[in-house]
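Rule-based calculations on the coordinates, nothing more; no lab input. The shown structure was predicted, so the numbers you read here are calculated from the model rather than taken from an experiment. A quick note on method: Cβ atoms are made from the backbone with ideal geometry, for glycine too, and the neighbour counts reach across all protein chains shown.
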Amino acid sequence: MAEKERTQKATAQGPETTNGDEAIDQVPLYRKRRVVIPLAIILLLGAAGIWWWFVDLRGYVSSDDAYIDANRVSISSKILGRIRELTVDEADSVSRGEVLVRLDESDLRAQMAQASAALQLALESISLAKVNSSRAQDDFQRADQQFRTAVITKEQYDHAKSALAASRAELAIALSRVGTAKAQVGIVQAQLDNCTITSPVNGRVAKRWALQGDVVQAAQPIFSVYGEQETGVAANLEETNMDILRLGENVEITVDGYPDAVFSGKVFQVGTSTSAQFSLIPPNNASGNFTKVTQRIPIKISIAESTGGSAPRARLLPGMSVEVRINTR
């Protein structure tokens, strides 16, 4: 009975009121805090997002498909040989012209002695050929005078003439043998020079592929060297961004290894084909039965010193992951 009396009393008082003046159900939505406050927050967040897109994203092209790149030189031998000495190791700095590898020269030294002896023999044969040619020339002159005075027969004259021609041919052969011997000496000397392998660039040794005592073939890599002065960023941008990308545009570069440092750079090269064209199986869209995938165009970006943090440019190692942000405005 008490509960029923309370219900009847509440019904008699009418609907719940706000501030004692009007019912809550009759208050407009724009005056309800539980509606106005969330709606205002949503509008503010939307406006902030639009402003951030307009200021921070519009006019920029960004990509995390980028990495530090540098020209890599493969140091290899031009001849077959055994490694006698390695003067550097991985992570060592090298300069242009510095000796990196020395190959065993013992076999080539023996070949050089043989080639030098053959050259000396060829030179001596020239002297002998000249003597024979001079004697044949004198014999022919005497035979010519005697033939004119009918002292000797035509047969003897012809023999003297043939002997002169033969001596001249022997001299020419001797001269050609000297040229061949000199060429052989030059070949062996070139192989001896190739036993000493030097660095063609200033850089750092990234990888050693052989050890002292190994026998290397011609063109077999011994070291991989990255050039220090040619470090840059290789990025792959979606093809839909190519219409607004231009050479020389400024780039902000963030390296994953140094998140507190921001490097600056410029776009200095845009690829002439998509990266997929150099894959093992390039895409072929001619059949019409394919899945369309947005292709990526490789670009190259120069790197300047960082504008923040403590990471110098020299500590950027090839292969490190990079994020780029290109200003296209």
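Miscellaneous remarks
- Counting only aspartates and glutamates at least 8 places from residue 130 when in the same chain, those with an alpha carbon closer than 15 Å to its own are 138, 139, 170.
- Rounded to 0.05, the FRET efficiency of the residue 148 and residue 169 pair, given R0 = 41 Å and the Cβ-Cβ distance, is 0.95.
- Residues listed by number, segment 171-191, amide nitrogen under 17 Å from residue 116 label point at 7 Å toward C-beta: 181-191
- In segment 138-240, chymotrypsin sites (Phe, Trp or Tyr not before Pro) in a DSSP loop with at most 16 other beta-carbon atoms within 10 Å: 209
- For segment 74-225, a simple Cβ point-charge model (Lys and Arg +1, Asp and Glu -1, everything else neutral) yields a dipole of about 360 debye relative to the Cα centre.
- Over 30 Å apart at the Cα level, from the set 78/207; 207/292; 182/207; 78/300, are 207/292; 182/207; 78/300.
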